[in-house]
Amino acid sequence: HTADVRVRAFGGDMAGLLRSAVLAMAALIAAADNVESTEAVTVEATGETPEELLVRLLGEVLYIHYIRRMVFREAEVEIPDGSVLRAVCTLRGEAYDAGRHELGYDIKAATYHDLKIERAGDRLTAEIVFDV
């Protein structure tokens, strides 16, 4: 569909999968080549399922992008106390600068459409559809 973009994210554990998904969305928003890690922002998300946690975390990152007008280069994700239903993500990037940053997709939301998290061998895989 022309108003959707699908990505596949991978990770050795839930924290790695979430980090991969956050960085994939950040790359869709703006190429990280010219983004410097001058600011850090931390967001948290919870969910009743791993899929809900993924969508909510991506929504929190998207919110920071739009409200603070930031683009991101790095992300670290922690799963406190080993819980797969809560995540803390520290993003590093900077304020958007039209002279240096090339914007990509205008992402409206991460969706639940065809969302699935699966274990494949020693890693987790997720396919996420973004509404653009």
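Only loop residues by DSSP count here, and only those with at most 15 other Cβ atoms within 10 Å; note down the trypsin sites (Lys or Arg not before Pro) in region 19-105 that meet that. Don't skip to the end; give the middle numbers.
Values: sites: Arg19, Arg56, Arg68, Arg69, Arg73, Arg86, Arg92, Arg100; in loops: Arg69, Arg100.
Sites meeting the loop and neighbour criteria: Arg69, Arg100.
Which of the listed residues, Ala3, Met70, Ala27, is farthest toward the dipole's positive end in the chain, when Lys, Arg count +1 and Asp, Glu count -1 at the beta-carbon?
Result: Ala3, furthest along the dipole toward the positive end.
Please identify every one of the GluC sites (Glu not before Pro) in region 1-106 that sits in a loop by DSSP and has no more than 11 other beta carbons within 10 Å of its own beta carbon.
Hits after loop and neighbour filter: Glu48, Glu102.
What list of whole percents do you get for P(r) of the chain, with Cα-Cα distances grouped in 10 Å bins up to the one holding the largest distance?
Per 10 Å bin, starting at 0, the Cα pair percentages come out as 13, 47, 33, 7, 0.
How far is helix 14-29 tilted off the main Cα axis of the chain, in degrees rounded to 10, range 0 to 90?
Between the helix axis and the principal axis of the chain, the angle is about 30 degrees.
Arrange the residues Leu115, Leu23, Leu103, Leu91 by how much accessible surface each exposes, largest first, with a 1.4 angstrom probe.
Accessible-area ranking of Leu115, Leu23, Leu103, Leu91, largest first: Leu103, Leu23, Leu115, Leu91.
What does the charge count near Pro80 come to, summing +1 for each Lys or Arg and -1 for each Asp or Glu among other residues with Cβ under 10 Å from its Cβ?
Its environment carries a net charge of -2.
Treating only the Cβ atoms of Lys and Arg (+1) and Asp and Glu (-1) as charged, compute the dipole magnitude of the chain about its Cα centre; round to the nearest 20 debye.
I would put it at about 120 debye.
Would you calculate, for the chain, the mean residue ellipticity at 222 nm contributed by helices, counting each DSSP H stretch of 4 or more residues as -39,500 (n - 2.57) and dividing by all residues, to the nearest 500? If you can, show how the numbers build up before the last one.
Working: 2 runs with 35 residues, N = 132.
So the helix-based figure for the chain works out to -9000 deg cm²/dmol.
In the chain, what percent of the accessible surface is made up of carbon and sulfur (1.4 Å probe, ligands and nucleic acids excluded)? Walk me through the intermediate numbers first.
On the way: 3220 of 7000 Å².
Here carbon and sulfur together make up 46 percent of the probe-accessible area.
Which whole-number percentage describes the relative contact order of the chain, with Cα contacts under 8 Å and a sequence gap of 6 or more? Each step should come with its number before you reach the end.
Details: 276 pairs, mean separation 46.4, N = 132.
Reported relative contact order: 35 percent.
For the chain, with the dipole built from +1 on Lys and Arg beta-carbon atoms and -1 on Asp and Glu ones, taken about the Cα centre, which of Tyr112, Ile79, Ala45 lies farthest toward the positive end?
Tyr112
For region 18-41 and region 85-122, what is the separation of their C-alpha centers, rounded to whole Å?
Region 18-41 and region 85-122 have Cα centres separated by 8 Å.
So with the 1.4 Å probe, I'd like the accessible area per residue for the chain, rounded to whole Å².
That works out to 53 Å² for each residue.
How big is the charge dipole of region 64-120 about its Cα centre, in debye rounded to the nearest 20, if each Lys and Arg gets +1 on its Cβ and each Asp and Glu gets -1 on its Cβ?
Here region 64-120 has a charge dipole of around 120 debye.
The values are calculated or read from the model by the stated rules, or taken from the named source; none is laboratory data. Just so we're clear, the structure is a prediction, and the values are computed from it rather than from any experiment. With ideal geometry, Cβ positions are generated from the backbone for all residues, glycine too; neighbour counts draw on all protein chains shown. For the accessible areas, the whole protein counts, side chains as well, though only heavy atoms, and no ligand, DNA or RNA atoms are used. Shrake-Rupley method; radii C 1.70, N 1.55, O 1.52, S 1.80 Å.
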